[in-house]
Every structure is written in C-alpha cells, then in structure tokens.
C-alpha cells in the first residue's frame, strides 16, 4: 500500500506568535515598522515521512492490514466464481423461474460482497487517518517548541524551495524529537461502518 503523503507536512508553513509585548497591545494595522523580521527554518518533510519511527510503524501496520484485506477479497472472489459456475451448471436443470430466482440471489450476494469490501476499505482509511492525526499533533507541538527556542516565525517545507542555506535546516532536530516523543503509533481499526443496503 502506498502510504499517502502527510497532509500535515504539506501545509507546514507555520506562523509562530511574535513578541510577547504585542500580545497585550490592541491590534493595529500592519506597517513595515511593526512587522516582525522573518526568522526562517526549513524542514525536509520527505525525509521525515520516510525515516521517522512513527511513520515507519504506521506504514508497517497498514501494509499488514492491506494484506489481510486482499486475502478477504481473494476469498470472496473465489467463492463468487464457484457459486457462478455452479449456477451455470444448473441452468439446464432448473426451470426458467427457478433459475431467475437463483440468479437474483447470486447477484444480491455479489452486491453484498462489494458493499462489505468497500466498508472494510473505509475502515482502513479511518484507521490510517487516526494514526496520521496522532503524528500531526506531535509534529505541530515539536515545531512550536523549536520555533519558540530559536525565535522562528516561519517554517517552510524544503521541497517548496529552490534554494536554502543548510544552516536553516532543522530536519534532524525535528526527526529526533518526533522519534523520542512518538516512537510508534498503534493503528486501531474502528468499528465497521454500517453496510449501505440497496
């Protein structure tokens, strides 16, 4: 399974609060004199996606779940093929009405199987989204910590830049903190959503 790109990493332009003195003052129109001097850092989000321990754990668990899902799909397809073959063999033995009734039952079985597999896939999507949300919360907290410590007010994904000085790159610090704070994410399957009966 492809592990979908971190939506949270795709919007990593993080604006951090400015000077504490400004918080107590009433808002005023922004001017060149009042705007904070940009303090910028860069994060290699692709590297974090590939190497962070939390992301690796999500990927491993989702791959196992998809193997299980494929096993279910293969079994259901095999059972349906066998049922279809059996139905075709009985076609000459059944009356037209009896065959039509058996055919409707088979088509209903196919439809129910399709709805079940769609519900299982949705279940995995929800589990993945929950795991990614845990990473997002931890990562956002880490970025705010680093921004406060270093006086940053802008953090930009590296893949959105044409050029950046290596001294601006905080990727390794972010990765180390994320690995320490969230070394693993446990994927939990939610209850199966109700099947859409038609």
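The table below lists the values:
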read-out: Neighbours by Cβ (under 6 Å, 6+ apart or cross-chain): first from the range 48-69, on the phi > 0 side of the Ramachandran plot and touching a residue at least 24 places away in the same chain (Cβ under 8 Å); second surrounded by 14 or more Cβ atoms within 10 Å (Cβ to Cβ) and in a helix (DSSP H, G or I); value: none
read-out: Residue 183 surrounded by fewer than 16 Cβ atoms within 10 Å (Cβ to Cβ) and at pLDDT below 95; value: no
read-out: Members of the range 148-182 found to be in a helix (DSSP H, G or I) and closer than 12 Å to residue 43 by Cα, listed by number; value: 158, 159, 160, 166, 167, 168, 171, 172, 173, 174, 175
read-out: Total residues in the range 53-82, condition surrounded by 15 or more Cβ atoms within 10 Å (Cβ to Cβ) and farther than 30 Å from residue 174 by Cβ; value: 4
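Residues checked against (1) in contact with a helix residue (DSSP H, G or I) (Cβ under 9 Å, 6 or more places away or on another chain); (2) part of a loop (DSSP other than H, G, I, E, B):
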site: 69; (1), (2): yes, no
site: 83; (1), (2): yes, no
site: 87; (1), (2): yes, no
site: 94; (1), (2): yes, yes
site: 102; (1), (2): yes, no
site: 111; (1), (2): no, no
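The values are calculated or read from the model by the stated rules, or taken from the named source; none is laboratory data. Note that the structure is a prediction, hence the values are computed from the model and not measured. Neighbour counts are summed over all protein chains in view; Cβ atoms, including those assigned to glycine, are modelled from backbone coordinates with ideal geometry.
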